[in-house]
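To keep things clear, I will list the structure first and then write my remarks on it.
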Amino acid sequence: MKKLMIFSLLAFVCVLTASAQSIYDFKVKDGAGQEVSLSDYKGKLLLIVNTATRCGFTPQYKDLEAIYEKYHGEGLEILDFPCNQFGQQAPGSFQEIHQFCTANYDIHFPQFDKIEVNGDNAHPLYVWLKGGEDIKWNFTKFLISRDGKILRRYEPRDKMSDVEADVQIEVNPVLSNIMARRSVRKYIDKPVEHEKLEVIVRAGINAPSGMNRQPWIVRVVEDQKLIADVTEVYKKANAEQVSRDKDFKNMFRNAPNLICVCTPSNGGGELDAGLLGENMMLAAQAMGLGTCCLGGPVRWLNSTADAKFFLDRLDIPEGYKLNYILAIGYPDEQPEAKPRDASKVKYIK
Ligand SMILES: Cc1cc2nc3c(=O)[nH]c(=O)nc-3n(C[C@H](O)[C@H](O)[C@H](O)COP(=O)(O)O)c2cc1C
């Protein structure tokens, strides 16, 4: 009986955790003890911070208020959760804390009731935010995208200018689209609608080119059989590698459609073609589609006699060669961001 009860309790906890998969499922309490659903903040960019009034980091309230004033109008909300778990540096009632913050830092963002962020009594919102890595101190921050994804965690010592730069990017739809793009290598079985491909190509050919020469040729493959047929040739030549990949659908990272970009055979035009490609990838991203720039399959196509029928079907004019292929489709994965090396950048002042 006891075992059964423990099992039922465990099952119940599992159901609870599984059902709270989105930040909008959580409820918090405001200063008056009233329940607030975080679904009220759907569509907003959120900066969630655990605060304390007697901490060395408390002056960060000044920066937080400055960021709030600048970006609130563009959709930023800062959610402030006072927490007394770090050096007991947030003593006092909610009222006392709130009075201190308004008097000293003139804060205008919502301040919620005190909560615990670590340990057995940690608020479920924080259990979700932390994902296993405890909060180290006051003024840890989480940036949440407009569609509820955790974009970044900042430790208390992380520069507020970094937080502001990320906020500036994320409130701007063009910049956040640029930052959200990833190479997608898993797609659902659904070809992209022809009309959408046309919009994407339009965005592509709007890219700048040297003297507006537009030295590229673009071929959009919607013929599923053509993709399947060339994949059969690839499979024969790479049987072992293909058999190891249980998700293998085709040689173009499993995408249902391809945008093939050609440049002059005797060189040149690559820069222009690259700009065209990035425009198309960002347009696709903005339309809920995923892409992956592919060089590997192009080298294989250009060097495999049995695959010539594929290139023939592309109807590439004399004097041009296939340069790269964009795989495109509806994503079936949400890849993590790959690291970027900011040390390669220098500002010459
Ligand atoms: C010119 C070029 C060729 C690429 N070729 C391939 C490829 O053959 N196969 C592949 O899976 N990804 C390919 N990629 C994608 C890169 O691996 C990817 O852009 C890079 O790892 C950074 O990841 P991200 O695009 O998700 O930010 C290529 C990208 C470029 C720009």
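Reported value for segment 21-180: 109 Å³ per residue, from the convex hull of its C-alpha atoms. For Gly329, nonlocal amide neighbours, meaning residues 5 or more places apart or on other chains whose placed amide H falls under 5 Å from its own, are Gly290. Directionally averaged projected area (segment 97-179, Cα convex hull): 6.7 nm². Could you compute the FRET efficiency for Leu226 and Ser343, with r as their C-beta to C-beta distance and R0 at 56 Å, rounded to 0.05? Efficiency at R0 = 56 Å is approximately 0.80. Here's how it looks for Leu151: its modeled amide H is under 5 Å from those of Leu143, Ile144, Ser145, which are all 5 or more places away or on a different chain. Based on the Kirkwood approach, the hydrodynamic radius assigned to segment 146-236 is 17.9 Å, with every pair of different Cα atoms included. When only alpha carbons are used to place a centre, segment 192-245 and segment 127-168 end up 38 Å from one another. Computed packing ranks the peptides 182-194, 337-349, 77-89, 26-38 as 77-89, 182-194, 26-38, 337-349, most packed first, by mean other Cβ atoms within 10 Å. Volume of the convex hull of the chain (Cα atoms only), normalised per residue: 213 Å³.
Pairs from the list Lys186/Lys235; Lys196/Lys249; Lys62/Lys159 with a Cα-Cα gap above 21 Å: Lys196/Lys249. Distances between placed amide hydrogens fall under 5 Å for Lys321 paired with Thr263, Ser265, all partners being 5 or more residues away or on another chain.
For segment 97-176, GluC sites (Glu not before Pro) meeting the loop criterion (DSSP other than H, G, I, E, B) and having at most 14 other Cβ atoms within 10 Å: Glu133. Under a model in which nothing but the beta-carbon of Lys, Arg (+1) and Asp, Glu (-1) is charged, segment 194-329 shows a dipole of about 220 debye around its Cα centre. Residue order for Thr263, Thr291, fewest other beta carbons within 10 angstrom first, comes to Thr263, Thr291. Ellipticity at 222 nm from helices only: DSSP H runs of n ≥ 4 in the chain, each -39500 (n - 2.57), divided by the residue count, give -11500 deg cm²/dmol.
Computed from the alpha carbon atoms alone, the convex hull of segment 194-329 holds 104 Å³ per residue.
Each reported figure results from applying straightforward, stated rules to the coordinates on display, with no laboratory input. Remember, predicted model here, so these are calculated numbers, not experimental data. Here Cβ is always computed from backbone atoms with ideal geometry, including for glycine, and neighbour counts include all displayed protein chains.
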